[in-house]
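Read through the structure below, which is laid out as structure tokens, and then see the notes.
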Amino acid sequence: MFSADTQVDLFLRSIYLAPLALLWVILNVRIVGLRSFSKMTAFDFVVTVAVGSLLAGAVTVEKWPAFLQSIGAISMLLASQFAIAKIRIAFPRAVGIATNDPVWLMKDGAFIDENLKATRVTRADIYGKLREANALRLSEVSAVILESTGDISVLHGRRPDRDLLPAR
């Protein structure tokens, strides 16, 4: 790629390709926006992981075409994410295509066993999340919700506003 000497070539690739690929990602994120690495939807998370993998691959390639393919794929993934976000805004009914609905796991201190089973979440998982949220009594837990991103939200204390809760 750079020189005939393999060790010199490895050294030069690490010096040039890593910053070049990283600058490419930064440029793309500046164009597409900060949402690029959000985790608002499962699709956002997949794009984040894929971009990281492609970035790692781009800095270890042996030939220029492979480097260009990696950074081109990064651009296309971010452009696709941008397009899907715009479609979700323009066509609210399209939201269901790119996102999952939140799922109630607990309501008013009671577990919803059918939802736990369907989402493969255990009571032990919930207890851990309740401890993280500093919930002290199950009776004070208004809701535990598995978000569309895979995160678990715990709402405890006073009754939350209905706008904060997903449709049942």
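Please state which of the following conditions ALA167 fails to meet, knowing it meets all the rest: (1) in a loop (DSSP other than H, G, I, E, B); (2) open to solvent by 50 Å² or more (accessible area, probe 1.4 Å); (3) closer than 23 Å to VAL49 by Cβ. Of everything listed in (1) in a loop (DSSP other than H, G, I, E, B); (2) open to solvent by 50 Å² or more (accessible area, probe 1.4 Å); (3) closer than 23 Å to VAL49 by Cβ, ALA167 misses just condition (3). Exactly one residue among ASP125, ASP101 is in a helix (DSSP H, G or I) and of a type in the set (Asp, Glu), and that residue is ASP125.
Among the conditions (1) more than 30 Å from ILE145 (Cα to Cα); (2) surrounded by fewer than 13 Cβ atoms within 10 Å (Cβ to Cβ), ASP101 misses just one, which is (1).
Listed here are the residues, each with its yes/no results for (1) among the aliphatic types (A, V, I, L, M); (2) exposed (fewer than 12 other Cβ atoms within 10 Å of the Cβ).
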residue	(1), (2)
VAL51	yes, no
ALA58	yes, no
VAL61	yes, no
PRO65	no, yes
GLN69	no, no
ALA73	yes, no
ALA79	yes, no
ILE84	yes, no
PHE91	no, yes
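Of all residues in region 129-152, those being open to solvent by less than 80 Å² (accessible area, probe 1.4 Å) and part of a loop (DSSP other than H, G, I, E, B) number 7. The set of residues from region 109-128 being open to solvent by less than 70 Å² (accessible area, probe 1.4 Å) and either closer than 23 Å to ASP161 by Cα or touching a strand residue (DSSP E or B) at 6+ places or on another chain (Cβ under 7 Å) (or both) comprises GLY109, ALA110, PHE111, ILE112, ASN115, LEU116, THR119, VAL121, ILE126. One residue stands out in region 7-35 among those that are open to solvent by 90 Å² or more (accessible area, probe 1.4 Å) and modelled with pLDDT under 85: the one that is farthest from the chain's Cα centre (by Cα), namely GLN7. Here SER142 clears all of (1) over 16 Å from ASP101 (Cα atoms); (2) among the small types (Gly, Ala, Ser); (3) under 24 Å from the mean Cα position of the chain (by Cα) except the condition numbered (3). Each residue in region 104-122 was checked for being in a helix (DSSP H, G or I) and of a type in the set (D, E, K, R), and 3 pass.
The values are calculated or read from the model by the stated rules, or taken from the named source; none is laboratory data. Please read these numbers as outputs of a predicted model, since none were measured by experiment. Please note: Cβ atoms are built from the backbone with ideal geometry, for glycine as well, and neighbour counts cover all protein chains shown. We work out accessible area using only protein heavy atoms, side chains counted, and drop any ligands, DNA or RNA first. Shrake-Rupley method; radii C 1.70, N 1.55, O 1.52, S 1.80 Å.
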